Amino acid sequence: MSRIIGVVIALSLFVPAAQAQDPAANWPARSVRIVVPSSPGGGTDIYARLLAQGLTEGLKQTFVVDNRPGAAGNIGAEVAARSTPDGYTFLVASNSSIGINPSLYKNLNYSPERDLIPIARGVVSPSAFMSHPSLPVKTLRELLALGKREPGKLPYGSAGIGSPPHLGVRMIEEVAGARFIHVPYKGLGQAVQGLLRGEIGFMIADVATILPYVKDKRMIALAVTEPVPQLPGVPTQAQAGYAGIEVFISFSVLAPTGTPPAIVQRMSTEVVKAMKSPAIKERLEGLAFIPVSDTPDAFAASLKKERQMWADVIRRNNITAE
C-alpha cells in the first residue's frame with residue numbers, strides 16, 4: 001500500500017512539473033495583446049478585430065487590439081518586436097510592414113526578419129484597380145493606353161511610397177509602357193478620400209475597402225487581381241491581358257522572436273480555427289478576405305519569397321522612403 005501511495009504522490013508531482021515545462025499547456029492564462037501598426041478602420045485593423053473576436057471566443061480569454069500607427073507600420077511592428085516573447089503579445093500586420101519595409105527603409109530600429117517570427121498568413125485580400133467616374137476610361141486596357149498616350153499627366157494615389165498600391169502600379173507601368181504621376185497619401189484611407197474627391201484619377205486598393213463606394217457608383221472597378229463575388233462582371237488582370245503581376249494585400253500574424261515554439265504552433269492552430277468558425281467565416285467572406293490555412297514554416301517560406309519579389313521591384317525603380 002505504501003508503495004502505491006508513493007507512486008501516486010510521484011505522479012501528482014510530475015504532472016504540474018510537466019505542465020510548467022510546456023508553456024502552451026495553460027496558455028493563455030491572461031489577456032493577450034494584438035498590436036496593429038495602423039489606425040482603426042483600415043483592412044489590417046478590421047482583420048485584427050475579427051481575429052481577436054474569434055480567438056477570444058475559442059480560447060475563453062480576452063484578446064485585445066492595440067493600435068500603434070505611424071511610420072508606414074514601423075512603429076507598431078517595432079513595439080511588437082521589442083515586447084517580451086512570452087506568448088502574450090502578437091503582431092497583426094499587412095505585407096507592407098513585414099514584406100516591403102525591410103527593403104524600403106535602410107535604417108529601421110529593428111529587423112522584421114530577425115526580431116519577428118511568422119505565425120500564420122491570416123488572409124489575402126484581392127485588390128482592384130479603381131477609377132474616378134469622371135475619368136474617360138472603362139477598362140484597365142483603356143487606362144494604360146491613356147498612360148502611354150499622355151505619359152506623366154494622370155495622377156494616381158497610394159497609401160505611401162513603397163506601399164503595395166504604389167509598387168503595384170509601378171509594376172504594371174513597367175509591363176505596359178505607361179507612366180502616371182504618383183501622389184502618396186498618409187495611409188490608404190486618405191488615398192481613398194482623395195479618389196472620391198477627384199484629386200487623383202485612379203488607385204489600387206483592397207476590395208474590402210472600396211466595396212461600399214463601388215456599390216453607390218462613386219468609384220468604378222476596372223479590374224481585380226482575382227474573381228470576387230462582390231464585384232460580378234469585373235474582369236481580372238489576367239483577363240485584361242496583364243497576368244503574372246502580383247498585386248495583393250495580406251494580413252498576417254507574427255510574434256516576437258523568442259516566443260516559445262509550443263505557443264507559436266498553438267497560436268497558428270488557433271488562428272486557423274478562429275477563421276473557420278461560422279460567424280467569423282461569414283464576415284471574412286463578406287469582406288472578400290480569403291483565409292490562408294498555412295503553418296508557421298509555410299508562411300515563413302512564402303514571406304521570404306515575397307520579400308525578394310518586392311525588393312527586386314524597389315531596386316529596379318530606385319524607390320526609397322528615406
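Checking each residue in segment 12-30 for being in contact with a helix residue (DSSP H, G or I) (Cβ under 9 Å, 6 or more places away or on another chain) and at pLDDT 95 or above picks out TRP27, PRO28. Considering only segment 169-216, state which residues are farther than 25 Å from PRO291 by Cα, in a helix (DSSP H, G or I) and open to solvent by 50 Å² or more (accessible area, probe 1.4 Å). Passing the criteria: GLU174, VAL175, GLN190, GLN193.
For segment 246-257, the criterion of being exposed (fewer than 15 other Cβ atoms within 10 Å of the Cβ) and either touching a Pro at 6+ places or on another chain (Cβ under 8 Å) or outside any loop (DSSP other than H, G, I, E, B) (or both) is satisfied by at least one residue. Would it be correct to say that GLY152 is part of a loop (DSSP other than H, G, I, E, B) and either open to solvent by 10 Å² or more (accessible area, probe 1.4 Å) or in contact with a Lys or Arg (Cβ under 6 Å, 6 or more places away or on another chain) (or both)? So GLY152 fits the description; yes. Cβ-Cβ distance below 6 Å, separation of 6 or more or different chains: which pairs start in segment 61-88 with a residue that is under 15 Å from GLY258 (Cβ atoms) and end on one that is of a type in the set (D, E, K, R) and open to solvent by 10 Å² or more (accessible area, probe 1.4 Å)? Short answer, once both residue conditions are applied: ALA81/ASP115. Has segment 92-109 got any residue that is over 28 Å from LEU195 (Cβ atoms) and either aromatic (Phe, Trp, Tyr) or buried (at least 24 other Cβ atoms within 10 Å of the Cβ) (or both)? Looking through segment 92-109, none of the residues is over 28 Å from LEU195 (Cβ atoms) and either aromatic (Phe, Trp, Tyr) or buried (at least 24 other Cβ atoms within 10 Å of the Cβ) (or both).
The residue list ALA274, ALA238, ALA301 contains one member that is farther than 24 Å from GLY42 by Cα, in a helix (DSSP H, G or I) and open to solvent by less than 70 Å² (accessible area, probe 1.4 Å), which is ALA301.
The values are calculated or read from the model by the stated rules, or taken from the named source; none is laboratory data. Just so it is clear, the model here is predicted, and its values are computed rather than measured. Don't worry about glycine lacking a Cβ; one is built from the backbone with ideal geometry, like all the others, and counts go over all protein chains shown. Side chains are part of the model used for accessible areas, which takes the heavy atoms of the whole protein and leaves out ligands, DNA and RNA. Shrake-Rupley method; radii C 1.70, N 1.55, O 1.52, S 1.80 Å.
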